[in-house]
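The structure appears below as structure tokens.
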Amino acid sequence: MWGRSESIIYRETVGNQVRHCHLADFHALLVSYEAINNLPDQWVQFHIVSLEKYTAASKGKSDLGNAIHNFKDYVLRGQDYDQKFMADMAMIDQDAASYENNHGDMSEYEMSALQQIKKSADAYHAAMKTVIEMKTSGASIEEIDKTIKDADRR
């Protein structure tokens, strides 16, 4: 059997271990609470960034639709649709640059999509240059269409 002093030492040792366990539990609880408490802020930030990306992509899609429409109108009617097309293409370039510069880390899919947008924009610029040259030389709509076929499918 233990003596009184050994019993006191044992109780103090066990008491210290229990206190250390309680402190470790409290620390874990505090860290968990802070993580959970910050979760709504992180969710809100994720939501904001996602909404900004969606809005930027929607604007780019709308500008592309306008550009295609003005491209086709220039083929059919001439007039100033080439200038409208160029303004739309400038907006698309601006949309892509804005998306790339303002949305931090992008996924591989997003980077690939931006590269495809730039490639397609270059193809459209080249096709419009061809259309302008052909219209100026008096080519028919059918000849122009045959030459630039599939420009809007890239």
Can you list residue pairs whose Cβ atoms sit under 7 Å apart, with the first residue in segment 101-118 being without any contact (Cβ under 8 Å) to a residue 40 or more places away in the chain and the second being not polar (S, T, N, Q)? Count only pairs 6 or more apart in sequence or on different chains.
L114/A96; L114/Y99; L114/E100; K118/A96
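Only one residue in N66, N37, N16 is modelled with pLDDT of 70 or more and of a type outside the set (D, E), so which one is that? Steps first, answer last, please.
Working: N37 fails: modelled with pLDDT of 70 or more; N16 fails: modelled with pLDDT of 70 or more.
The match here is N66.
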Every pair of residues 6+ apart whose Cβ atoms lie under 7 Å, when the first sits in segment 127-154 and is over 17 Å from A67 (Cα atoms) while the second is crowded, with 16+ Cβ neighbours inside 10 Å and modelled with pLDDT under 90
none
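Restrict the check to segment 89-103 and report whether at least one residue is among the polar types (S, T, N, Q) and closer than 14 Å to K135 by Cβ. Don't jump to the end; show me each part of the working.
Of all residues in segment 89-103, those among the polar types (S, T, N, Q) come to 94, 98, 101-102.
The next check asks that each one be closer than 14 Å to K135 by Cβ; those that pass are none.
No, that holds for no residue.
From the list A121, A96, A127, which residue is farther than 16 Å from F85 by Cβ and surrounded by 15 or more Cβ atoms within 10 Å (Cβ to Cβ)?
Values: A121 fails: farther than 16 Å from F85 by Cβ; A127 fails: farther than 16 Å from F85 by Cβ.
The unique qualifying residue is A96.
The values are calculated or read from the model by the stated rules, or taken from the named source; none is laboratory data. Because the structure is a prediction, the values reported are computed rather than measured. Reconstructed Cβ throughout: ideal geometry from the backbone, glycine too, with neighbour counts over all protein chains shown.
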